[in-house]
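> Got a structure for you, questions after.
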Amino acid sequence: MKKSPINLKKMAVIGLFSGLTYLLYILRLPGFVFFPSFLEINLSEIPLFLMGFMYGPWASLFGLVFRFGVAIPFSTTSLIGETADFFYSAAFILPAAWMYRFNRTKTGALYGFLVGFFLQLVVTSLLNVYWVTDLYLDLYFGSAENFVGFIQQTNPWVTDPYWSLVLYVYLPFNALKNSLMMVVTLLVYKRVHLAMKKILR
C-alpha cells in the first residue's frame, strides 16, 4: 500500500510523457538539406527514450502503443506511415532502454544507443525494401519510374526505389536523425530524471 502512491505518480508521469510523445509526433520539422521533402523529423523518440531510461522498456512500449493508437484516426497514409514508424522507433528505443536497465551508467546508455542505432538502420532498410516502398508506390506514385524521378530531383545517385534508395537516402537520413535523438536525449536526461525524482518523493 505504501508503494501505491508512487506507482500512481509514475503512471501519471508516463501518461504525461506519452501525450508529449504524440504531440511531438504530429509537430513535424523539415528534414535535412539534400533529402527528399517527405523525409521529415519528429522529436517524439526523445520522451520515449526518457521514459525507457527512467522506468524501463515497458514504459517506452506503452508510449509507442499510445502514439500509434491516437494517430490511427488521423492517418493520411492508410496507416502505412504510422505502422512503419512504430517498428522504426521500437527497434531504436527498446534495445537501448533494456540495456540501460542493467547498466545505469553513461556507458550503459551509450552501448544501448549504439545497439538501437544500428538495429534501427537494419529494420528500416529491410522494411522499406520489402514492404513500405511498394505500398507507397501504389498509394502515391503509381510506378517506380515516377518515384525514382522524384527522388532524383534531390539525389541523382538513386537508380531504383529499393536498395539504391536505402543506400543513398534512407541510411544517411536515419543515421543523422538517430544521432540527433541520441545527443538531445543525453543532454536532457539527467535534468529530467532529477526533476521526476523530486516530483515522485
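The values are calculated or read from the model by the stated rules, or taken from the named source; none is laboratory data. Bear in mind that the values here come from a model prediction, so they are computed numbers and not experimental data. All Cβ positions, glycine included, derive from the backbone under ideal geometry; neighbour counts span all protein chains shown. For the accessible areas, the whole protein counts, side chains as well, though only heavy atoms, and no ligand, DNA or RNA atoms are used. Shrake-Rupley method; radii C 1.70, N 1.55, O 1.52, S 1.80 Å.
> Give me the percent of Cα-Cα pairs in the chain that sit more than 32 Å apart, rounded to a whole number.
For the chain, the fraction of Cα-Cα distances above 32 Å is 20 percent.
> Tally Lys and Arg at +1 and Asp and Glu at -1 over the other residues with C-beta under 12 Å from the C-beta of Leu16: what net charge comes out?
Residues close to Leu16 contribute a combined charge of +2.
> Next up: Modelled label-to-label distance, Leu176 and Phe34, 7 Å Cα→beta-carbon offset: nm?
In this crude spin-label approximation the distance works out to 0.7 nm.
> Right, here's the next one. Rounded to the nearest 0.05, what FRET efficiency do Thr76 and Val183 give with R0 = 22 Å and r taken as the Cβ-Cβ distance? Could you check?
About 0.15, to the nearest 0.05.
> Quick one: net charge around Tyr88, please, counting Lys, Arg +1 and Asp, Glu -1 for every other residue with C-beta under 11 Å from its C-beta.
My count for the surroundings of Tyr88 gives -2.
> Additional query: Note down the accessible area of Ile80, probe 1.4 Å, to the nearest 10 Å².
Probe radius 1.4 Å; accessible area of Ile80 about 20 Å².
> Quick one: among Thr159, Thr76, Thr21, which has the greatest mean-square fluctuation in a GNM of the chain with alpha-carbon springs under 10 angstrom?
Answer for the Gaussian network model of the chain: Thr76.
> Can you give the FRET efficiency for Trp163 and Lys197, using 1/(1 + (r/R0)^6), R0 = 41 Å, r = Cβ-Cβ distance, to the nearest 0.05?
Plugging the Cβ-Cβ distance into 1/(1 + (r/R0)^6) gives 0.30.
> Might you tell me the accessible area per residue for the chain, computed with a 1.4 Å probe and given in Å²?
55
> Cα centroids of the range 21-35 and the range 86-109: how far apart, whole angstrom?
22
> If we count every other residue with Cβ under 14 angstrom of Val166's Cβ, Lys/Arg +1 and Asp/Glu -1, where does the sum land?
-2
> Only Cα pairs within less than 10 Å get springs; with that Gaussian network setup on the chain, which residue of Leu24, Leu114, Leu79 has the largest fluctuation?
So, out of Leu24, Leu114, Leu79, the one fluctuating most is Leu79.
> Moving to a separate point now. Calculated from DSSP H runs of 4 or more alone, at -39500 (n - 2.57) each and per residue, what is the 222 nm mean residue ellipticity of the chain, nearest 500?
-22500 deg cm²/dmol, from helical runs alone.
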